[in-house]
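The values are calculated or read from the model by the stated rules, or taken from the named source; none is laboratory data. A quick note: this is a predicted structure, and the numbers were derived from the prediction, not measured. Here Cβ is always computed from backbone atoms with ideal geometry, including for glycine, and neighbour counts include all displayed protein chains.
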Amino acid sequence: MIGRRTLLGAAALLPLGAKVVSAAPPAETITPALIEAAKKEGKVSYYTAMDLSVAEPMAKAFEAKFPGIKVAVERTGAERLFNRLAQETASNIKRCDVVNSSDAAHFITWKREGWLQPYVTVDIAENVAPEMRDPDGTFVNQRTHLSAMAFHIGLVKPEDAPKGFNDLLNPKYAGKLVKGHPGYSGTIMTATHQIARELGWGYFEKLAKQKVMQVQSATEPPKKLEAGERAIAVDGSDYLFWMARERGVPIEVVYPVEGTPLISNPMAVFKAAPNPGAARLLFAWIMSGEGQEFLVNLSGQYPANLKVKAKAGRPPLSSIKTLREDPAEVEKMADEIKTKYARIFKV
Amino acid sequence: MPDLSRPILVAVTALLAVMIVLPMGWLIAYSLSDKQGAATLGNFVTLFTDPSFVDPLITTLIIAVSVSAICCIVAAPLGWLVARTDMPLRRVVRTLVMASLVTPPFVGAIAWEMLAAPNSGLLNQLWRSLAGMPSDEALFDIYSLTGLIFVIACYTFPYVFILVANALDRMPGELEDASSMLGARTWQTARRITVPLALPTLLAGALVAFLQALNLFGSPAILAIPAGFHTLTTRIWSLFQFPPKPELAAAASLPLLLLTILLLRGQALALGRRGYAVLGGKYGEPRLVRLGGWRLPAAALALLVLAMPLFLPYAALFNSAFSRVASRLVTLDTITLHNVRFTFLELSSTLPALKNTFLLATLSATLGAVLALLIAYIVARRAVTGHRVLAFLATAPLAIPGIVLGVGLFLAYTRPPLTLYGTLWILLIAFITIELPAAYQQLSSAFHAVHPELEEAGRMLGASRLRTLADITAPLLRSAVIATWCFVFVAVIRELSAAVILFTSETKVLSVLIFDLKESGDVGAIAVLSLTMVAITTVVVAVANRFGGSREAGRLHARAAG
């Protein structure tokens, strides 16, 4: 602990600005002045699409680390979050301090609108891969997860389980499937784009004939599986399948043979943040080794901070065949994806 | 002290205009314009040609008609059993049916999900283990049109029941006595006398049920989306997803508005202007029909009916509140406070939402009761010319479905000069507007009981109108005012359909928080919050009943759609 702190302190003294070729501001550390400012504000609001079972404990860990700062977690599906922020900003309501979404495309829009505050910490500058952060320092990937498939062992025998997307079209799975919705979930929006690109919309048209139970957030299929309501989750946040499994729920995670949709979860400080100090502190802490370790230990999502090791017992990200994420395309196609999806699945 | 009644009239009229006329004006204006604001009928063309609107429209009508029919079929015999027969437990049954109204419809829908989801539903699991069926077989599928109709009917038939039972209470016994004296058998009397007398009430009840089902948002939002279809209200709500399409939302709101106005006219016709089909004068207590050997089966049937909105859902809610997984029956070994801890200690939205809800409910109830009292007074005493306008404006919101009012207020107050969106004010306006008609009706009937002579005496002795109101009229109306206050309070706590359009992250209320948690499937926290909500409501209703408001409960609750 102490060693890392000293390191951060020393790094702050280096003329980092000299290395930076973009509009990104110089990298900062968590200074006593920042903590003081944050404590004066006393609160911070964190808009996120992460499941509450991870987001709330993370908020509590931050509160324990920095007593006197209360975190308000505003959790909803990323697409609804996007809508909420648009409505709030249009009505000049300033509440959001830090935003974190499972739809990376949102950050392209927000950056263009000028809503994001450039802010870079030393942890980001040194330990986050360049492709994981905005060159202008307005956002950075907080963690990566996958939209995996999964099945309930009590309801499907492992040898009968689907191995990939196309297997799901087998009539024997009709009425057994549960799936999230791209109109609400950023994970599913990103995944839908990748699957439609790889397999074509025809795949979804066939899938819709399988009497799929349609839920909203990507965090719900794992819960429906745990309850035994459906045998197979077509998609959903992989970390929640794993967390349920580690709790003893008879669930098997499937990484589709066609490739598993990869979901990055960028985070940014809002320019209009009502608590600018606390916003930076929360942001910096989440990206620090300690914050990242907390996320990894609790949920096993893949950390963006390269210094932090992935959770033992989970398959390494490099061992999984993933589909390519393309936020720029998602941003262009979001409306089309929602409309097409609603037409095919009727909701 | 100058008489303030004139300025008050002007102020109240202006306030009502802000609350009702402005939002509805924007609603109509938006429905007739395109994205750029140019005049067009295109939204209505879309509404009646695009299958993504036509299907929900048809679905909604199917639901409303079915719910209405089921409610009458269930409520009429049950009302008769309770009001006109010697069925055992009839008082208990009556109280419990009323008590079932405490459940917000969306909470009922979530509870029925726990009971009758095809695989994880407790009832389906029970059936499978009893009948030895394999894991794919289900007795009930709540995620279906029939499932949705069933759940809506569960929480709608009490309105019809209350209307019917009250009407049967007041129906003169002499006519039936005459019939039996002339030699008609019990069933003949029922068919020839009782049923025809009760028919207008039943028709009115059918319309109430139809309206309720037509404008309900919560239950369809919870059950229809997993089933893969929309109703008109959930479709309107979905239009607020990004990118929002307020023009289409406005256009889609108008059919609901028009249909509601039409049906309310129909209901007024069915009931006559007096409210109930009472014949006036003093009649004898109706004679109770002896059920004989049918007494016990009748009571069993009544309890079975009550299991649907009451016993089963609450058992399911308690089960999931204290269980790690809602689909498993909690035992002494598995009972856990995990959900309670999570809801009250970890979930950071709980306390702000509770605070907002209490604040809004208290303010709406207080301001709503005061406003209703003022209007009722001005109208009842014909204090100033123009009082009819007031009476009209105060009852007009009855015709505005919650979600439609939400859309209207959203359109009217996301712009200058009054940018109220994002504040608690817009929710306050919504809640007061929604509850005003019921509050006004209750207080206006209370005013008729206070003789004007008492007030005239006060005025003659030199008191101003306001002074008279405060010192003479108000004390006499105390119990009616308290009952009104409580019912507005309760109705606000459970309101979802307007709040879901108008809330922002800072102004979240309990019902919206539950709805948000539903999106991510956090059933345990939902169960804890729902039970908290119902506990608060029950306490307040109990207080209201102490002050003798129970008779009006049905009428008041008729507006409290989730």
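Does B:ALA361 meet the test of being within 14 Å of chain A (Cβ to nearest Cβ), touching a residue at least 40 places away in the same chain (Cβ under 8 Å) and surrounded by 16 or more Cβ atoms within 10 Å (Cβ to Cβ)? Against the criterion (within 14 Å of chain A (Cβ to nearest Cβ), touching a residue at least 40 places away in the same chain (Cβ under 8 Å) and surrounded by 16 or more Cβ atoms within 10 Å (Cβ to Cβ)), B:ALA361 does not qualify.
Please determine, by comparing only the residues of segment A:66-91 that are of a type in the set (A, V, I, L, M) and within 11 Å of chain B (Cβ to nearest Cβ), which one is farthest from A:LEU281 (Cα to Cα).
Filtering segment A:66-91 for residues that are of a type in the set (A, V, I, L, M) and within 11 Å of chain B (Cβ to nearest Cβ), the one farthest from A:LEU281 (Cα to Cα) comes out as A:ALA90.
Does any residue of segment A:199-206 turn out to be away from chain B (no Cβ under 14 Å), touching a residue at least 40 places away in the same chain (Cβ under 8 Å) and closer than 24 Å to A:SER299 by Cα? Within segment A:199-206 (the criterion being away from chain B (no Cβ under 14 Å), touching a residue at least 40 places away in the same chain (Cβ under 8 Å) and closer than 24 Å to A:SER299 by Cα), the answer is no, since none of the residues qualifies.
For segment B:458-498, how many residues are in contact with a Lys or Arg (Cβ under 8 Å, 6 or more places away or on another chain) and either of a type in the set (Val, Ile, Thr) or modelled with pLDDT under 85 (or both)? Number of matching residues: 4. For segment B:104-119, which residues satisfy the criterion of being crowded, with 24+ Cβ neighbours inside 10 Å and in a loop (DSSP other than H, G, I, E, B)? Scanning segment B:104-119 gives B:PRO104, B:ALA117, B:ASN119. Looking only at residues in segment B:439-474 that are hydrophobic (A, V, I, L, M, F, W, C), without any contact (Cβ under 8 Å) to a residue 40 or more places away in the chain and part of a helix (DSSP H, G or I), the one that is farthest from B:TYR377 (Cα to Cα) is B:MET460. Looking only at residues of segment B:197-218 that are touching a Gly at 6+ places or on another chain (Cβ under 7 Å) and part of a helix (DSSP H, G or I), we find that the one that is farthest from the other protein chains (Cβ to nearest Cβ) is B:LEU207.
B:ALA11 - would you say it is surrounded by fewer than 17 Cβ atoms within 10 Å (Cβ to Cβ), assigned to a helix (DSSP H, G or I) and touching a helix residue (DSSP H, G or I) at 6+ places or on another chain (Cβ under 9 Å)? So B:ALA11 does not fit the description; no.
B:ARG84: in contact with a strand residue (DSSP E or B) (Cβ under 7 Å, 6 or more places away or on another chain) and touching a residue at least 12 places away in the same chain (Cβ under 8 Å), yes or no?
The answer is yes for B:ARG84.
Conditions tested, residue by residue: (1) assigned to a loop (DSSP other than H, G, I, E, B); (2) touching a helix residue (DSSP H, G or I) at 6+ places or on another chain (Cβ under 7 Å); (3) within 11 Å of chain B (Cβ to nearest Cβ).
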| site | (1), (2), (3) |
| --- | --- |
| A:ALA23 | yes, no, no |
| A:LEU34 | no, yes, no |
| A:LYS39 | no, no, no |
| A:TYR47 | no, yes, yes |
| A:PRO57 | no, yes, yes |
| A:ALA64 | no, no, no |
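The set of residues in segment A:92-117 being within 12 Å of chain B (Cβ to nearest Cβ) and either over 15 Å from A:GLN142 (Cα atoms) or part of a helix (DSSP H, G or I) (or both) consists of A:ASN92, A:ILE93, A:LYS94, A:ARG95, A:CYS96, A:ASP97, A:ALA105, A:HIS106, A:THR109. Name the residues in segment B:323-340 that are charged (D, E, K, R) and either within 11 Å of chain A (Cβ to nearest Cβ) or under 28 Å from the mean Cα position of the chain (by Cα) (or both), would you? If the condition is that a residue be charged (D, E, K, R) and either within 11 Å of chain A (Cβ to nearest Cβ) or under 28 Å from the mean Cα position of the chain (by Cα) (or both), then B:ARG324, B:ARG328 are the ones that fit. Restrict the check to segment B:519-533 and report whether at least one residue is over 30 Å from A:LEU225 (Cβ atoms), within 14 Å of another protein chain (Cβ to nearest Cβ) and either buried (at least 21 other Cβ atoms within 10 Å of the Cβ) or modelled with pLDDT under 85 (or both). No, the conditions are met nowhere in segment B:519-533.
Among the residues that make up segment A:227-237, is at least one of them in the same structural domain as A:SER101 (by TED's automatic domain parsing), crowded, with 19+ Cβ neighbours inside 10 Å, in contact with a Leu (Cβ under 7 Å, 6 or more places away or on another chain) and among the small types (Gly, Ala, Ser)?
no
To keep it simple, each residue is scored yes or no on (1) within 12 Å of chain B (Cβ to nearest Cβ); (2) touching a Lys or Arg at 6+ places or on another chain (Cβ under 9 Å); (3) of a type outside the set (Ser, Thr, Tyr).
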site	(1), (2), (3)
A:LYS224	yes, yes, yes
A:ILE232	yes, yes, yes
A:PHE241	no, no, yes
A:GLU246	no, no, yes
A:VAL249	yes, no, yes
A:VAL254	no, yes, yes
A:GLY259	no, yes, yes
A:ALA268	no, yes, yes
A:PRO276	no, no, yes
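In segment A:119-154, of all residues being buried (at least 18 other Cβ atoms within 10 Å of the Cβ) and within 14 Å of another protein chain (Cβ to nearest Cβ), the one that is nearest to A:SER22 (Cα to Cα) corresponds to A:PHE151. Residue count for segment A:301-310 under the criterion of being surrounded by fewer than 21 Cβ atoms within 10 Å (Cβ to Cβ) and in contact (Cβ under 8 Å) with a residue 24 or more places away in the chain: the result is 2.
Determine whether B:GLU137 is over 22 Å from the mean Cα position of the chain (by Cα) and either modelled with pLDDT under 90 or surrounded by 24 or more Cβ atoms within 10 Å (Cβ to Cβ) (or both).
So B:GLU137 passes the test.
Taking every residue in segment A:160-188 that is away from chain B (no Cβ under 11 Å) and pairing it with any residue that is surrounded by 22 or more Cβ atoms within 10 Å (Cβ to Cβ) and of a type in the set (Asp, Glu), at least 6 positions away or on another chain, the pairs with Cβ-Cβ distances below 9 Å are A:GLY186/A:GLU79; A:GLY186/A:ASP103; A:THR187/A:ASP103; A:THR187/A:ASP235; A:ILE188/A:GLU79; A:ILE188/A:ASP235.
Here's the yes/no breakdown for (1) more than 14 Å from chain A (Cβ to nearest Cβ); (2) within 30 Å of B:GLY228 (Cβ to Cβ); (3) in contact with a strand residue (DSSP E or B) (Cβ under 7 Å, 6 or more places away or on another chain):
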position	(1), (2), (3)
B:ALA99	yes, no, no
B:PRO105	yes, yes, no
B:ALA117	no, yes, no
B:TRP127	yes, yes, no
B:SER135	no, yes, no
B:PRO158	yes, yes, no
B:ILE162	yes, no, no
B:ALA178	yes, no, no
B:THR194	yes, no, no
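Taking B:ILE20, is it β-branched (Val, Ile, Thr), in a helix (DSSP H, G or I) and free of Cβ contacts under 8 Å to residues at least 12 places away in the same chain? The answer is no for B:ILE20. Residue selection: B:VAL512 satisfies the criterion of being within 14 Å of another protein chain (Cβ to nearest Cβ), part of a helix (DSSP H, G or I) and buried (at least 20 other Cβ atoms within 10 Å of the Cβ).
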